[in-house]
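S.K.: Quick one: this structure, given as structure tokens, is what I'll be asking you about.
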Amino acid sequence: MFFAKVIFLVGLLVFFFHTVRFTCCATFTAVTPMSPAVQLFNKAYAEELKACLQRLPSTASDNEPAHLTQMEDERYRKTLIEGFMSVPEVEGDEGASNGDPSCQQKDQKAQEYVEMDDDDDMTVVRLAAGELKENTNIYKSAFHVFKANVGTGVFLLPTFYPDAGYVVSVILGVLIGAAVVDCTRLLMDVKIKINRSDVTTYSQVCRYVCGAGLGWFLFVAMCLAQFGFCLMYTQLFGDTMVELANFKGSKYLWVSVVFFLCFPMTCFSDNLSLLAIASIIATVSVFYSLICCFVMSLVQLSQDGVHPGCDVAGNRIPVGWFNNLANNMMVLEGIAIILPVHAACTQKRLVPKMATLVITGVIAWYILFGLTGYLAYGNSMTTSLVAKMAHSPWGTSVRVFFALNLVFTYPVQFMSAMQLIDQTVRCKPRSWMGIGLRLLINLVIWALAMGMPTSAVNTVVAFVGALPSVCMVMIIPSILAMHVKYAVEHPDADRNTLQYWKKIFVTAPCFTFKRIRCYVYLVVAVLIMVIGTYSIAETL
């Protein structure tokens, strides 16, 4: 047994070494620029190419929105220009330029063009602070949406059911799931309605429609929620690994391992295509762990039947129902990633349908998984289903894959909040300031995980999930959907006046199907926040 633990630790160290080596190579790889002569020639000629492309007719058809086609046409023209600018140097160009007067004249015009726009270096694609690379296909985007909604919380689902029972919990799960899907679609529709290249993230959308106040509120809520989940992942990884290899000071060692593994990955929070690798690994790991826990619950049900502690409508009516809703909102708060995914996806027209299918599938699995676990173990289970696995080779494999899921979900959850911080301080992820901020935040999470027990973390996360998650998933999308039309029609209006905010509720027509849905979501969200928070505080 001792040698097995030693081999396991050596394998982890080898994995960590390769992770650090990959990060260093990707971070410090230099880009070789083209020669100055080719840059001058390409920039001068690119202006003529751009003028020709602008005279091309639009490709819009009757079956697709015109503004989306215009955006794609603009991206197509930009791609052609940038591709032309990156043409490699041709042998003999420099000599021809020196001997031909017409070439010298073109070089002079090119020099004037460069002097006029000296800061525009198109030889290397430069991203603004917080901007994402548009390099993710629809399948990688689906992995991101899936992983943003399926994490550690799914293993806690059976512990939510005692508050509402096995009948009411299913009804509440279906209703709140439908609301989450609808709010996700509303949020994407708001971004498409705005249709501005500088308004792509959740924070930018909030600031454009409702001003800086709502933007700062979202900033605080998202940081608390996303970094709170990262803290929970760190703690649960440490506790899970202690069950596999327990020795003096083992918890502190495993918590530190999370820091060294996850910090390099958080430095690439702007590259969703690269983070898709982490999402895929986490998805495979969580699938294995979930299926094994699900099979274990079915075996328990077949052997012992329904647990005698199960209830039809819960043991705290109706306060427990709102606690159940608050917990469900906590595990379904992955809406924050939908706008970055939409911005980085190269197949934007498929994103709304993809998000609907993925989130609907997640909700159906949540209901089945939570109901089965509750019927098998009733109110006797207070931790995750992984803790119910026996200490056997099968149980060990489940714990290992569960730990991998925690490690690789960490950077995906970290990304949404870190993107807002990058935009706020105007830094790029791999600049000195960007790396320093990521190091500081990861160190804070590491320090809290070292000093706090898992039970305290679960209480903090429950409060965070009941408050900011409800705001991010239901309240803010509803307000944005009701007010985006007026905001687009009045782009210069002051967003911070009371008169502007009144327009949210009095803009005609006041009672459309969309606005009625938004009113219902606002009322339900306020009830979840107030009664759900009271229910959590009552159990302390």
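The values are calculated or read from the model by the stated rules, or taken from the named source; none is laboratory data. Nothing here was measured: the structure is a model prediction, and the numbers come from that model. Cβ atoms come from the backbone with ideal geometry, glycine included; neighbour counts cover every protein chain shown.
S.K.: Considering only the stretch 172-228, state which residues are closer than 11 Å to Pro477 by Cβ and either touching a Pro at 6+ places or on another chain (Cβ under 7 Å) or not assigned by TED's automatic domain parsing to the domain that holds Ala364 (or both).
M.R.: If the condition is that a residue be closer than 11 Å to Pro477 by Cβ and either touching a Pro at 6+ places or on another chain (Cβ under 7 Å) or not assigned by TED's automatic domain parsing to the domain that holds Ala364 (or both), then Cys183, Arg185, Leu186, Leu187, Met188 are the ones that fit.
S.K.: Further question on the same structure: As an exercise: evaluate Phe237 against (1) at pLDDT 85 or above; (2) among the aromatic types (Phe, Trp, Tyr); (3) over 16 Å from Val386 (Cα atoms) and give the number of the one condition it does not meet.
M.R.: The one condition Phe237 does not meet is (3).
S.K.: Could you say which residue among Ile441, Ile435, Ile476 is modelled with pLDDT of 90 or more, among the hydrophobic types (A, V, I, L, M, F, W, C), closer than 20 Å to Tyr410 by Cα and out of contact with any Lys or Arg (no Cβ under 6 Å at 6 or more places or on another chain)?
M.R.: Ile441
S.K.: Sticking with this one: Pull out all pairs, ordered by first then second residue, where Cβ-Cβ is under 6 Å, the residues are six or more apart or on different chains, the first lies in the stretch 196-209 and is in contact (Cβ under 8 Å) with a residue 12 or more places away in the chain, and the second is outside any loop (DSSP other than H, G, I, E, B) and not hydrophobic (A, V, I, L, M, F, W, C).
M.R.: Short answer, once both residue conditions are applied: Ser203/Gly215; Val205/Lys191; Cys206/Gly215; Arg207/Gly215; Val209/His483.
S.K.: Checking the structure you have, find out if any residue of the stretch 278-299 is within 30 Å of Val167 (Cβ to Cβ), of a type in the set (A, V, I, L, M) and in contact with a Leu (Cβ under 8 Å, 6 or more places away or on another chain).
M.R.: yes
S.K.: Among (1) in contact with a His (Cβ under 9 Å, 6 or more places away or on another chain); (2) crowded, with 22+ Cβ neighbours inside 10 Å, where does Pro352 come up short?
M.R.: So Pro352 meets the others, but not (2).
S.K.: Picking from Thr240, Thr234, which residue would you name as being closer than 26 Å to Cys471 by Cα, part of a helix (DSSP H, G or I) and more than 17 Å from the chain's Cα centre (by Cα)?
M.R.: Criteria check complete, one pass: Thr234.
S.K.: Restricting the first residue to the stretch 246-272 and requiring it to be assigned by TED's automatic domain parsing to the domain that holds Pro429, which pairs with a second residue that is surrounded by 22 or more Cβ atoms within 10 Å (Cβ to Cβ) and among the hydroxyl-bearing types (Ser, Thr, Tyr) meet a Cβ separation below 6 Å and a spacing of at least six or different chains?
M.R.: Here the result reads Val255/Thr234; Val258/Thr234; Cys262/Tyr410; Leu272/Thr136, each pair linking the stretch 246-272 to a residue that is surrounded by 22 or more Cβ atoms within 10 Å (Cβ to Cβ) and among the hydroxyl-bearing types (Ser, Thr, Tyr).
S.K.: Can you tell me how many residues within the stretch 377-401 are farther than 23 Å from Val258 by Cα and touching a Pro at 6+ places or on another chain (Cβ under 8 Å)?
M.R.: 4
S.K.: Wholly within the stretch 419-530, which helices (runs of 4 or more DSSP H) include no fewer than the required count, namely at least 2 residues that are within 25 Å of Leu187 (Cα to Cα) and within 21 Å of the chain's Cα centre (by Cα)?
M.R.: Per the criteria, 454-466, 476-489.
S.K.: Within the stretch 249-285, work out how many residues are buried (at least 18 other Cβ atoms within 10 Å of the Cβ), under 24 Å from the mean Cα position of the chain (by Cα) and farther than 18 Å from Phe414 by Cα.
M.R.: Matching residues across the stretch 249-285 total 1.
S.K.: Of (1) surrounded by 16 or more Cβ atoms within 10 Å (Cβ to Cβ); (2) out of contact with any helix residue (DSSP H, G or I) (no Cβ under 6 Å at 6 or more places or on another chain), Asn246 satisfies all except one. Which?
M.R.: (1)
S.K.: I would also like to ask the following. Testing Cys345 on (1) closer than 16 Å to Cys183 by Cα; (2) touching a strand residue (DSSP E or B) at 6+ places or on another chain (Cβ under 7 Å); (3) not β-branched (Val, Ile, Thr), one condition comes back false. Which one is that?
M.R.: (1)
S.K.: Let me ask something additional. Would you confirm whether any residue within the stretch 164-176 is free of Cβ contacts under 8 Å to residues at least 12 places away in the same chain and either of a type outside the set (A, V, I, L, M, F, W, C) or not in a helix (DSSP H, G or I) (or both)? Quick ask: steps written out before the conclusion?
M.R.: Quick first cut of the stretch 164-176, residues free of Cβ contacts under 8 Å to residues at least 12 places away in the same chain only: 171, 175.
From the residues that got through so far, the ones that are either of a type outside the set (A, V, I, L, M, F, W, C) or not in a helix (DSSP H, G or I) (or both) too are none.
No: zero hits.
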